[in-house]
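The values are calculated or read from the model by the stated rules, or taken from the named source; none is laboratory data. A quick note: this is a predicted structure, and the numbers were derived from the prediction, not measured. Quick reminder, even Gly has a Cβ in these numbers, built from the backbone with ideal geometry, and neighbours come from all protein chains shown.
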Number of protein chains: 4
Amino acid sequence: MSGNSIGQLFKVTTFGESHGPALGGIVDGMPPGFELDLDALQLELDRRKPGTSRYTTARREDDVVKILSGLFEGVTTGTSIGLLIENTDQRSQDYSAIKDVFRPGHADYTYWHKYGLRDYRGGGRSSARETAIRVAAGAIAKQYLKAKFGVEIRGYLAQLGPVKLDLVDWSEVDNNPFFCADPAKLEALDEYMRQLKKDGDSVGARVNVVASGVPVGWGEPVFDRLDADIAHAMMSINAVKAVEVGDGFAVVEQRGSTHRDELRLNGFTANHAGGVLGGISSGQDINVSIALKPTSSISIAGKTITTSGEETEMITKGRHDPCVGIRAVPIAEAMLAIVLMDHFLRHRAQNADVRVDTPAIGGRHNF
Amino acid sequence: MSGNSIGQLFKVTTFGESHGPALGGIVDGMPPGFELDLDALQLELDRRKPGTSRYTTARREDDVVKILSGLFEGVTTGTSIGLLIENTDQRSQDYSAIKDVFRPGHADYTYWHKYGLRDYRGGGRSSARETAIRVAAGAIAKQYLKAKFGVEIRGYLAQLGPVKLDLVDWSEVDNNPFFCADPAKLEALDEYMRQLKKDGDSVGARVNVVASGVPVGWGEPVFDRLDADIAHAMMSINAVKAVEVGDGFAVVEQRGSTHRDELRLNGFTANHAGGVLGGISSGQDINVSIALKPTSSISIAGKTITTSGEETEMITKGRHDPCVGIRAVPIAEAMLAIVLMDHFLRHRAQNADVRVDTPAIGGRHNF
Amino acid sequence: MSGNSIGQLFKVTTFGESHGPALGGIVDGMPPGFELDLDALQLELDRRKPGTSRYTTARREDDVVKILSGLFEGVTTGTSIGLLIENTDQRSQDYSAIKDVFRPGHADYTYWHKYGLRDYRGGGRSSARETAIRVAAGAIAKQYLKAKFGVEIRGYLAQLGPVKLDLVDWSEVDNNPFFCADPAKLEALDEYMRQLKKDGDSVGARVNVVASGVPVGWGEPVFDRLDADIAHAMMSINAVKAVEVGDGFAVVEQRGSTHRDELRLNGFTANHAGGVLGGISSGQDINVSIALKPTSSISIAGKTITTSGEETEMITKGRHDPCVGIRAVPIAEAMLAIVLMDHFLRHRAQNADVRVDTPAIGGRHNF
Amino acid sequence: MSGNSIGQLFKVTTFGESHGPALGGIVDGMPPGFELDLDALQLELDRRKPGTSRYTTARREDDVVKILSGLFEGVTTGTSIGLLIENTDQRSQDYSAIKDVFRPGHADYTYWHKYGLRDYRGGGRSSARETAIRVAAGAIAKQYLKAKFGVEIRGYLAQLGPVKLDLVDWSEVDNNPFFCADPAKLEALDEYMRQLKKDGDSVGARVNVVASGVPVGWGEPVFDRLDADIAHAMMSINAVKAVEVGDGFAVVEQRGSTHRDELRLNGFTANHAGGVLGGISSGQDINVSIALKPTSSISIAGKTITTSGEETEMITKGRHDPCVGIRAVPIAEAMLAIVLMDHFLRHRAQNADVRVDTPAIGGRHNF
């Protein structure tokens, strides 16, 4: 119950600190007989890994994931999959200065009071470095859902500080260091980030994730709605402060006659719901949007207190992303993949025998 | 895994359909020796119950909750608590017309494809009627947290369609049928609702919930962060489409130097984080905001299809709230109470021995 | 985590005290579209209910189970099933004498220390009366497994004190109040029980349960082996002190050349394993045997202490079974049904796509 | 739900195949601030490891466990603990012969039908090699329970084939390769094993485990009784076919007047119950006994079938223990430690505030 697991049937459990010897995880519940593409899996990790551009932390990690079990002759066996990523660039000497000081905006203060001690090297367990394992686990889910159902899970940076970014072209997302699908805005982004670094400050971001091709019927009523589990998974990503599904907060000002998506035989007339009705996937695109706060590790001095109860000021040195939201794109994709995979298995457990004559509108089938 | 439970250590499991004989639930994990105030519990249900004003459904339910176990001589015993609310005003004849038609914007279509059949009487399990049991279970948590820690969990309507409502006075919330803490706006609300009913339409809403007095240290790192579990619980409420903690989506445009809450010995200098740092409560107010979509049950005709695959139009008759967001206030409070209670127990299980010399700023203690 | 639930995908949660107003439970995860035979379900409860013969407690309970949800037009809907049995013959005045005394051999002492208080009326939650709901939930699983796979789950009394009972004829089991499949021994049983009552004493028993027709492949490796979950479920029945699968303790003196069941195309050559290999069903009969202790509620005085720390003696008055093992037969069947149903769903979630060309020996198929 | 986890609050999740690169696991829920004795932890692994005598498999594994997280400056941090043991002596060439044949008495046949494929190298995930991680996780629990409560968890070989072994002297257990507490029988054991090897056969065993010093009050009523969870944990060990708590199967012939343990102020008068009453620890010794079947890997030819459906005969070559029961002693201790640790945390979560004036008899306190 200490919260290092997610999922019920596709269950991911992780361990690892920012400056420990390694990160790792276990994926339990993967169906057997699936040929895993290890290169594609590593590629997802490369998308998240630090040190790829001047907009992210200078820490260099290869983030090579090793699969230690659950795979035999290239194929999943149905037993638990052990994942391991060794930390290679820890430099823990950087962190001794903050040993007795709570960095403002960080988890230092809350960990200290919760546990009575903390691994102060780079935030220990509270560092976003743990998300590397999420990406590895999510990549397994992603591959499976793509191969079996044609489900496509993709994300992009929708806003960075004041710069709003449209979804112009999915194929552009991996062509720039911003996961930006709006190539006309790249220069503005670059300029904004340059100034931000000069200011020694950081900024927030909005990330959108879309799952296309999800069959109708995934998700459980009442507490474990598909959207509730998506909200949980997204809010569990470091720095996320808000989650929307479909129209999100815009529904506050909508009327029912506008919001409700009508049904025609060739599909729904709109997708205000974001692909989820009553907590269950409708077959439409699942649209999720999240807000990530600016990192608190900046080179502008901040007021704080020490563990011995004195007021002080501090500057967070070290190597930090000025906008943690950027690298959140592959993480958010991974989390959505994990939730969908879990709900596919949960749906199948109970409802594998269900046959419905009524055709799913828009051509999506049940399983 | 069919999703009718929430919580790990304070676990609430529910059953019941809109038009079945009864709703019920089981609360497992309640500490023993707590004197439950049954009147206060019933009062929470009265706040949620339908038929209290012309702004909510005309269905009349007394929503009297019976406690069938787990209580002995007025005191909790530590064993599971059985809850039962009988349905008295079902009128299931109202619903036969929609038997073979999917109401647009409802769960009819997704339930049908998931289960191959559906209880079409008032939405069956997908009806918001199930939330009555959530309120009963949440009331138990609320009472305990109040008595033991002085935690106060309160909500209010923050926006109804275009009408924005401030938190002017907590004590006004229960003096009007809108859970409105901004008495100057009551007339505007009344007028808006009158017109809405005339239009036969519905509207969305924003609800804010605040927990004050939560000790520092509740919440688990990584996946089961306090805010992640709050997001899950809130998004599991019918019609909720978005969740924010603290500044929420506003963080997208914030800089780190603004967002991070600095620490002084007499408390944090601000609360942009909304009371959660690294997924763990900081001792500050926990601020949550949610968006509820307009109900799709309106008297304006909508396009849809039948179970046999024909296009048609329909009007949703029956007795419906024009703004389901209003009655969501006590439900959201209940969900927050359940999550906090669960995390208190989870925290205590692992960390009951932790003693920290550093005083919690702002005067909040660890347990 | 307070232990009132069993099962992961077919999850049963219960509540209720011996002398409270009602017992109840929730079955979550039942597949939709199954026509439940309510008479057959009630019949299982009748098999367990007290007052049916002079060999069981004189307490009279009709044990009529009401299904409050999850059923629509006679068919399961896939949503949670609410179960309720009202207590009608509580007579709580019987129990005031034992309020401050710990009955030896009972849970009084441990409940008192765990919870700091106890519902002393008939043992409260620790009474075997709660097993009525297990039988109701198990009956649902039993019906489903029978209808879908032809699985037959049957139990019988294998020993009562010194009287050993063979499995001579399954069809005799429900023809006598002992669940005895060995009609030649009925007279001996009767005589033994008569003397036991005269002595004011009680006696232990052995119960055997067999599941036939279980497909190969159910059960999960490592911790949640089918036999491990069976052991858990059986040991969770009041008064059970030991569990065997297959040859059980006899394996201690066996050699590998004897114990291992060899494989031929027409089936295994023997069933020492009891139908489980590596924690997974082999398609053979699953054979389980359990030992139930003699009830401690007897009319022979016993030494004990009071809650205020004084030594004393007491006689347990009230209405008690002289051999609780007898009525355990339908309970053990129910528990086996619940475990098998749960593992069927767990297996299907992960492995629904698996197709094996090799025929299962003895003619059993995978799903 | 694929069963690679055990425990609710002290949760152990494992991975790894007999012939994969490594075994590993994650311990989630460990209280923070505990100074782990890594040498003592390694010692437990050494007790289990193969190759220590001529009575166990000739496979040589150092079984050096690495702790990859959750430990900072020698002290637990409260975050998840990553464990890793590299396989060094795999020799997978030994196993190619059995690729298409189901070894009788093994999990080959059931894995094949469950998953549609299997890692045939040494049994893959079904190999008892995975228990190394259980021992590592159990050692953490053992150390904590010893340090905090003085709980002592010890096991011994109670019978090997026909040779019965008494508990004569705990201190002898680690002085011989049999975990035998009855030194007078060592010669007989040696002789029996010598003959067994000559015969190319294997034999079953009985192992007893005792936990002393467990406080009163651990365990949950109804399904998750302490003894039910012990039964689950024990039966999850490879080759275990039966579990007893306290008098076990002997209760079948006992009378209530004999079985019930009476209470005196200086303790219970006996311990027929084995330290558990109503599923909750009573403060007495917890006595558990298990039966382990003889390994099916013997050099006597056995009848079987192939994956393509032909009858054949085979001899299981490779390096195998003639009595797997021997090395089960440290594994059973580890499982008991894991269950107790889990129930301590579960008890504390709900009942940390309970104060009972009545002194626990025999001097054991509540927490």
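Taken over region B:320-351, the criterion of being buried (at least 24 other Cβ atoms within 10 Å of the Cβ), within 14 Å of chain D (Cβ to nearest Cβ) and either in contact (Cβ under 8 Å) with a residue 40 or more places away in the chain or outside any helix (DSSP H, G or I) (or both) is satisfied by B:Met341, B:Asp342, B:His343, B:Phe344, B:Leu345, B:Arg346, B:His347, B:Ala349.
When region B:168-189 is filtered for residues that are of a type in the set (D, E, K, R) and in contact with a Pro (Cβ under 9 Å, 6 or more places away or on another chain), the ones remaining, listed by number, are B:Asp169, B:Glu172.
Among all residues of region A:338-359, there is none that is over 30 Å from B:Asp108 (Cβ atoms) and out of contact with any Ser or Thr (no Cβ under 9 Å at 6 or more places or on another chain). Note on region D:4-18: residues that are assigned to a loop (DSSP other than H, G, I, E, B) and buried (at least 23 other Cβ atoms within 10 Å of the Cβ) amount to 6.
Checked against (1) modelled with pLDDT under 95; (2) in contact with a Leu (Cβ under 8 Å, 6 or more places away or on another chain), B:Pro221 meets all criteria but (2). Step by step: first the residues of region C:168-180, then only those that are of a type outside the set (S, T, N, Q) and more than 23 Å from D:Arg255 (Cα to Cα), then the one that is surrounded by the most Cβ atoms within 10 Å (Cβ to Cβ). Which residue is that? The extreme case among them is C:Val173. Among residues of region B:306-319 being among the β-branched types (Val, Ile, Thr) and in contact (Cβ under 8 Å) with a residue 60 or more places away in the chain, the one that is nearest to the other protein chains (Cβ to nearest Cβ) is B:Thr307. Whenever a residue of region A:95-118 is among the basic types (Lys, Arg), its partners that are at pLDDT below 95 and not in a helix (DSSP H, G or I), lying with C-beta atoms within less than 6 angstrom and at least six residues away or across chains, give the pairs A:Lys99/A:Tyr120; A:Arg103/A:Thr316. Condition check: at pLDDT below 95 and surrounded by fewer than 24 Cβ atoms within 10 Å (Cβ to Cβ). Does B:Lys185 satisfy that? The answer is no for B:Lys185. Within region D:202-216, not a single residue is out of contact with any Leu (no Cβ under 7 Å at 6 or more places or on another chain), of a type outside the set (Val, Ile, Thr), within 8 Å of chain C (Cβ to nearest Cβ) and within 19 Å of C:His106 (Cα to Cα). Here the condition is being of a type in the set (Val, Ile, Thr) and closer than 19 Å to B:Val288 by Cβ; of B:Val151, B:Val101, B:Val163, it holds for B:Val151 alone.
Counting only strands (runs of 3 or more DSSP E) wholly contained in region D:220-305, the ones carrying 2 or more residues that are facing chain C (nearest Cβ under 7 Å) and farther than 30 Å from D:Gly124 by Cβ occupy D:240-245.
For region B:109-118, the condition of being of a type in the set (Val, Ile, Thr), over 18 Å from B:Ala334 (Cα atoms) and surrounded by fewer than 23 Cβ atoms within 10 Å (Cβ to Cβ) holds for none of the residues. Within region B:19-37, residues that are farther than 30 Å from D:Asn351 by Cβ and surrounded by 21 or more Cβ atoms within 10 Å (Cβ to Cβ) have Cβ atoms under 9 Å from residues that are among the polar types (S, T, N, Q) and modelled with pLDDT of 95 or more in these pairs: B:Gly20/C:Ser69, counting only partners at least 6 apart in sequence or on another chain.
The rows are residues; the columns are (1) surrounded by fewer than 24 Cβ atoms within 10 Å (Cβ to Cβ); (2) in contact with a Gly (Cβ under 8 Å, 6 or more places away or on another chain).
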position	(1), (2)
B:Asp201	yes, yes
B:Trp218	no, no
B:Ile230	no, no
B:Phe249	yes, no
B:Leu265	yes, yes
B:Ala273	no, yes
